[in-house]
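Structure first, commentary second.
The values are calculated or read from the model by the stated rules, or taken from the named source; none is laboratory data. Just so it is clear, the model here is predicted, and its values are computed rather than measured. A quick note on method: Cβ atoms are made from the backbone with ideal geometry, for glycine too, and the neighbour counts reach across all protein chains shown.
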Amino acid sequence: MKKLWEIRELSTVVILVLEILFFTWWLWPEGGRSHPFLNWPNALLILKYSSIYGIAAVGAAIVIISGGIDLAPGAVMALAGVVGAQLYVVQGWGLGPSMTMGVIVGLLSGLLTAGLIVLVKLPPFIATLGMMGVTRGIAFIITEGQYFDVSSHLIGGWRPMGLPADWVAPIIMVTTALVFHVFMTTFQWGRAVFSVGGNETAALFSGIAVNRIKTSVYVISGVLAAVSGVVLVLVQGQGKADLATGYELDIIASAVVGGASLAGGRGSVIGAVLGTLIFGVLRNALPQIPGATFYDRLIVGLVVIVIVVVDQLLLKKRS
Amino acid sequence: MRRVVLAVVVLVGLAGCSGSKEQPSNAAGGSGGERLRFAVIPKALDIPVFNYAKIGADRQAKEYGNVDILWNAPASADQLKQKEILESAITQRVDGIAISSLNGDFLTETINKAIDAGIPVVTWDSDAPKSKRYAFYGVDDYASGKIMGDEAITLLGGKGKVAIITSVGATNLQRRLDGVKESLAKAPGIQIVEVYDIKEDTVRCAELIATGTNRYPDLAAWISVGGWPVFTRNGTAAVDPSKTKFISFDTIQPALDLLREGKVAVLLGQKYFGWGSESVKLLYDIKHGKMPPQPIIDSGVDVVTKENVDDYQAKWKKMESGS
């Protein structure tokens, strides 16, 4: 039985709870009005928008744990969304096949990235920086500055599998996080990802197929970024080449805030999702404070620094 | 040696490419005059309304017969990249430049450099008022903002809470915001509860509308000084039109459908095609010795409501098809 304070995600949960408590107190309504922050529709709103980042953050965390970095998720999200939306709106394909093609685009992008890293031996930073430009560029070529209006083609009151549309994205995020948490903690593959990130040479000498592990993490990252892109298209109702610009940094920051070490070998996919929720709460609560909309960049930056510093201190104390 | 051969092959190839690009342009010259190359630079390639400006510019160029349009902009809004594109137009010695400034003050020096080099510059959509540009064609942003404010006062009967959506940084959006505030100040019963900065991110815009609607359940109106919320049906999904009126800039679809369905109350349409066609006309006239009648040419705005939306759309289709 793990001791409570040894659970990696605990500090992230504590920060999230403190954050929620703080905004609950700060935004407490006067005169018996309903609470503007602490209510179920608002919680669902936070979950819905956090899912756009959260699904991709699971992939980003796995890449970071393996000792790599992926700068392409934002661009892959845009390309997957544009491809899915183009097939759905312009070519008249069904929603399912169109969005599946979007996800396949992510798979191909992940394979190409892995090829550049494993076969061409490019550093992950350079390979994914290049892929970021390539995927974003293809999205612009497809759209030519236009956008595909998915929202006008979706039937009003659309309920996928009988569920309210707003629930779909959070369900995908939570399911993805739980599945990959199990893979990372109980499967040999997951342990190999940690080993490669912790010490690649040692992993190689202990018989781990390092290249295969690296390929798998970039493919997973590409696929999950594409799933995020599909979710984004459905939430936003648009396929547009500039969507998710700069999201890669939010996604990486979520993984880091959730306990992933950029040095590799340490991190958690559940932590990454909790990290996106920390940012999701900030994005939701700050605009509810009059005048705070212009301060949110500053506050988010400070929060990243404080959380990572606290995490480092706790880690030192544990060791 | 092999490297030299390769370099020669590449150079010959490049020369061939540029030759094959020039050829149809020269062949297309119909009016017999000297061939003119105008650089038309929107704020960014990913802003959908600018595609109509391109249609307008291309159509006008075709009408003249001896004008080539060099359409170029940063992929997404980036002031420095736009300046670089402007500078490259100067070094290419184009015959005229028509630009929608991301940041007028930032571009002033470069625009003046072009003028000093003998290249006429006009601005459209978003001005650089401190520069030596010959003319600006577009809406009077301050007046447009005031129209939005006036429409809100009428719709709300002069009282209620209002939230405004903008994106900080662009000069024209700031002018519209100033106009909205100025107009709303006339109605003491109206309270601006928040000005939201969406940072040119349409996803963030939809999220903020949902958050703001949740935060202010008694909100009487949303005013957006840009078209971000009406470029998708999902942008305004959180708003109940029976309680909250929505007023937005821009009229490209699905904005007009949202208006018809009552989701949006008022839209302000700009002269999207005119941005391109009128700018090309201005440059063409300048090159032929005819100066603009005045430095600021107010294109005016179309105030579109449920009552005139069908007429507006019919006119739009006519302009789009060029008939």
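Only one residue in A:Ile307, A:Ile251, A:Ile289, A:Ile220 is aliphatic (A, V, I, L, M) and out of contact with any helix residue (DSSP H, G or I) (no Cβ under 6 Å at 6 or more places or on another chain). Which one? Exactly one residue qualifies, and that residue is A:Ile289.
For the stretch B:237-263, filtered to residues that are under 25 Å from the mean Cα position of the chain (by Cα) and β-branched (Val, Ile, Thr), the residue that is farthest from B:Asp310 (Cα to Cα) is B:Ile247. Scan the stretch B:113-161 residue by residue and report those that are more than 30 Å from B:Asp218 (Cβ to Cβ) and among the polar types (S, T, N, Q). Of everything in the stretch B:113-161, those that are more than 30 Å from B:Asp218 (Cβ to Cβ) and among the polar types (S, T, N, Q) turn out to be B:Thr123, B:Ser126, B:Ser131.
Considering only residues in the stretch A:141-189 that are away from chain B (no Cβ under 14 Å) and more than 23 Å from the chain's Cα centre (by Cα), the one that is modelled with the highest pLDDT turns out to be A:Gln188. Candidates A:Val227, A:Val223, A:Val269, A:Val219: the one that is modelled with pLDDT of 95 or more, away from every other protein chain (no Cβ under 14 Å) and touching a His at 6+ places or on another chain (Cβ under 6 Å) is A:Val269.
Take the residues of the stretch B:197-207 that are among the charged types (D, E, K, R) and in a helix (DSSP H, G or I): which is farthest from the other protein chains (Cβ to nearest Cβ)? Let's see the steps before the verdict.
Step one: of the stretch B:197-207, the residues among the charged types (D, E, K, R) are B:197, B:199-201, B:204, B:207.
Checking which are in a helix (DSSP H, G or I) leaves us with B:204, B:207.
Values: B:Arg204: 8, B:Glu207: 5 Å.
Out of the qualifying residues, it is B:Arg204.
Of the residues making up the stretch B:154-196, those that are assigned to a strand (DSSP E or B), surrounded by fewer than 19 Cβ atoms within 10 Å (Cβ to Cβ) and free of Cβ contacts under 8 Å to residues at least 40 places away in the same chain are B:Gly189, B:Gln191, B:Ile192, B:Val193.
Can you report the number of residues in the stretch B:261-310 which are farther than 28 Å from B:Ala220 by Cα and among the acidic types (Asp, Glu)? Before you say what the answer is, go through the steps one by one.
Residues of the stretch B:261-310 that are farther than 28 Å from B:Ala220 by Cα, as a first pass: B:271-299.
From what is left, the residues that are among the acidic types (Asp, Glu) are B:278, B:285, B:298.
Number satisfying all stated conditions: 3.
Looking across the stretch A:236-283, the residues that are small (Gly, Ala, Ser) and over 22 Å from A:Gly68 (Cβ atoms) come down to A:Gly237, A:Gly239, A:Ala241, A:Gly280. Among the residues of the stretch A:26-65, those that are touching a residue at least 40 places away in the same chain (Cβ under 8 Å) and part of a loop (DSSP other than H, G, I, E, B) comprise A:Leu27, A:Pro36, A:Phe37.
Here's the yes/no breakdown for (1) touching a residue at least 60 places away in the same chain (Cβ under 8 Å); (2) surrounded by fewer than 24 Cβ atoms within 10 Å (Cβ to Cβ):
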{"position": "A:Ser254", "(1), (2)": "yes, no"}
{"position": "A:Val257", "(1), (2)": "yes, no"}
{"position": "A:Gly264", "(1), (2)": "yes, yes"}
{"position": "A:Val269", "(1), (2)": "yes, no"}
{"position": "A:Gly291", "(1), (2)": "no, yes"}
{"position": "A:Tyr295", "(1), (2)": "no, yes"}
{"position": "A:Val300", "(1), (2)": "no, yes"}
{"position": "A:Ile305", "(1), (2)": "no, yes"}
{"position": "A:Val309", "(1), (2)": "no, yes"}
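Each residue in the stretch B:208-240 was checked for being charged (D, E, K, R), within 15 Å of B:Val264 (Cβ to Cβ) and in a helix (DSSP H, G or I), and 1 of them qualify. Every residue in the stretch B:269-323 that is closer than 16 Å to B:Val40 by Cβ, in contact (Cβ under 8 Å) with a residue 40 or more places away in the chain and of a type in the set (Asp, Glu), please. B:Glu278 - this is the single residue of the stretch B:269-323 that is closer than 16 Å to B:Val40 by Cβ, in contact (Cβ under 8 Å) with a residue 40 or more places away in the chain and of a type in the set (Asp, Glu).
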